[in-house]
Structure formats: structure tokens, C-alpha cells
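The values are calculated or read from the model by the stated rules, or taken from the named source; none is laboratory data. Everything numeric in this text was worked out from a predicted model, so none of it was measured. Counting neighbours? That spans all protein chains shown, and the Cβs are built from the backbone with ideal geometry, glycine included. Surface areas here come from the heavy atoms of the whole protein model, side chains and all, with no ligands, DNA or RNA. Shrake-Rupley method; radii C 1.70, N 1.55, O 1.52, S 1.80 Å.
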Amino acid sequence: LNPKSRVLYARERALDVAEFRRVLVESGLGEHRPIDDEARLREMLAGANLVVTARLDQADRPLVGVARGVTDFCWCCYVSEVAVSKTAQGLGIGQGLLDEARTQIGPRVTLMLASYSNAVGFYERIGMTRWADSFLFKREY
Ligand SMILES: CC(C)(COP(=O)(O)OP(=O)(O)OC[C@H]1O[C@@H](n2cnc3c(N)ncnc32)[C@H](O)[C@@H]1OP(=O)(O)O)[C@@H](O)C(=O)NCCC(=O)NCCS
């Protein structure tokens with residue numbers, strides 16, 4: 001990837017499932033997501049109301065990053081995926097996706113997410129607060 005390529009961030013309401021899947025795979029996050037269940041990936045996109053994308057400013061506008069969240073746009077936002085294609089990692093795109101998500105939800109809204117251990121340093125680096133007493137009921141499958 002040419003590090004000088006301009007990156008375009010946007011909220012998208014109809015992200016193509018194949019593009020979403022490709023970035024999950026290319027980022028490494030696909031290991032933890034249902035990439036072989038296209039119907040479920042489709043539901044994940046259809047049910048999310050905040051999908052933020054990073055695309056290169058080239059003719060075909062390739063998708064290089066995505067953040068997917070659910071929010072009420074007034075109090076809380078849960079971000080389930082932040083994924084950047086390996087060839088585009090380390091260029092500020094992960095941070096750019098979360099900046100765009102915060103712009104979209106505005107200052108009244110807390111953005112929360114759960115990190116995999118390999119990404120903890122990233123969330124610390126971009127200034128997120130570690131919230132110790134968070135709880136969950138884990139999905140069964
Ligand atoms: C984690 C991830 C989203 C970060 O995106 P990215 O575009 O590579 O990160 P950025 O370039 O915006 O990084 C911002 C800063 O965090 C640092 N950083 C990035 N990844 C890091 C990591 N895993 N550990 C420690 N620091 C990291 C960068 O060096 C950069 O620091 P700088 O400002 O001093 O240059 C991306 O690497 C990824 O998709 N990883 C695989 C999927 C994943 O684990 N997703 C998160 C779990 S849901």
C-alpha cells in the first residue's frame with residue numbers, strides 16, 4: 001500500500017457483505033468471526049446501525065478498514081469490530097475509524113468495545129480508558 005494514498009472515512013448504510021468479509025479475513029479478525037456463514041455476516045451488517053469504513057481514494061475505492069457498532073446515538077455505542085487489512089495496518093487507519101465513529105455518535109455517547117489481547121496496546125495508545133468492571137453473557141455459538 002502506498003502510505004501516501006488518501007484514506008476516505010464514511011458511515012455506510014449498505015456495505016457489501018463480500019467486502020466486509022474480505023477485510024475481516026485480511027485483518028486477522030476473521031479468525032474470531034463467522035466468515036464461513038455469509039447469512040450471519042449479512043445479519044451482522046443489517047442489524048448494525050453504525051458501520052464506518054476506510055477506503056483508499058482510488059478509482060475502485062478499495063475497502064481497507066471497517067468498524068461496526070450498534071448505538072442509540074444518544075447514550076451508548078458498542079463497537080463489535082475494528083478491522084484493518086494487514087497491508088494497511090500501522091498507518092493510522094484504526095485510529096481514523098474510531099475517530100469517525102466518535103464524530104458520527106457525538107459527544108453525548110460513550111463508545112465501548114472489548115479488545116483481543118493483541119490489540120490492547122492499540123486501544124491504550126489511542127487514549128481509550130480501560131474499564132475493569134465490565135461484564136457479559138457470552139454467546140453460545
Ligand atoms: C488493531 C487494529 C484495528 C489497529 O489498526 P491500525 O490501523 O493498524 O492502527 P493505527 O495505525 O491507527 O495505530 C494507532 C497507534 O496505535 C499503535 N498500534 C497499532 N496496533 C497496535 C497494537 N496491536 N499494539 C500496540 N500498539 C498498536 C500504532 O503504532 C499507532 O501508534 P503511533 O500513533 O505511535 O503511530 C488493526 O491492527 C487490526 O485490524 N488488527 C487485527 C484485528 C483486531 O485485532 N482488531 C481489534 C479487535 S476487535
| task | Pull up the range 121-135, narrow it to residues that are within 7 Å of the ligand (Cβ to nearest atom) and open to solvent by less than 90 Å² (accessible area, probe 1.4 Å), then point me to the one that is nearest to residue 27 (Cα to Cα). | result | 122
| message | Any residue in the range 37-48 that is on the phi < 0 side of the Ramachandran plot and at pLDDT 95 or above sitting within a Cβ distance under 7 Å of a residue that is of a type outside the set (Gly, Ala, Ser) and part of a helix (DSSP H, G or I)? List the pairs, counting only those 6 or more apart or interchain. | response | 38/17; 41/17; 41/20; 41/21; 42/17; 45/17; 45/20
| said: Among the residues that make up the range 98-116, is at least one of them of a type in the set (Lys, Arg) and either in contact with a Phe, Trp or Tyr (Cβ under 9 Å, 6 or more places away or on another chain) or more than 16 Å from the ligand (Cβ to nearest atom) (or both)? | reply: yes
| Qualifying residue in the range 3-13 (condition: away from the ligand (no atom under 16 Å from the Cβ), without any contact (Cβ under 8 Å) to a residue 12 or more places away in the chain and part of a loop (DSSP other than H, G, I, E, B)) | no
| Looking at this structure, is residue 67 of a type in the set (Gly, Ala, Ser) and in a loop (DSSP other than H, G, I, E, B)? | no
| query | Taking the range 78-121, which residues are among the charged types (D, E, K, R) and not in a helix (DSSP H, G or I)? | reply | 81, 108
| query | Could we say that residue 54 is within 16 Å of residue 32 (Cα to Cα), touching a strand residue (DSSP E or B) at 6+ places or on another chain (Cβ under 8 Å) and either in contact (Cβ under 8 Å) with a residue 60 or more places away in the chain or not in a loop (DSSP other than H, G, I, E, B) (or both) here? | reply | no
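Table: residues versus (1) among the β-branched types (Val, Ile, Thr); (2) loosely packed, with under 15 Cβ neighbours inside 10 Å.
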site: 45; (1), (2): no, no
site: 48; (1), (2): no, no
site: 66; (1), (2): yes, no
site: 74; (1), (2): no, yes
| message | One residue is enough: does the range 128-137 have a residue meeting the conditions within 20 Å of residue 10 (Cβ to Cβ), modelled with pLDDT of 95 or more and either in contact with a Leu (Cβ under 8 Å, 6 or more places away or on another chain) or assigned to a loop (DSSP other than H, G, I, E, B) (or both)? | response | no
| task | Of the conditions (1) outside any strand (DSSP E or B); (2) under 14 Å from residue 79 (Cβ atoms); (3) in contact with a Ser or Thr (Cβ under 6 Å, 6 or more places away or on another chain), residue 23 clears all except one; give me its number. | result | (2)
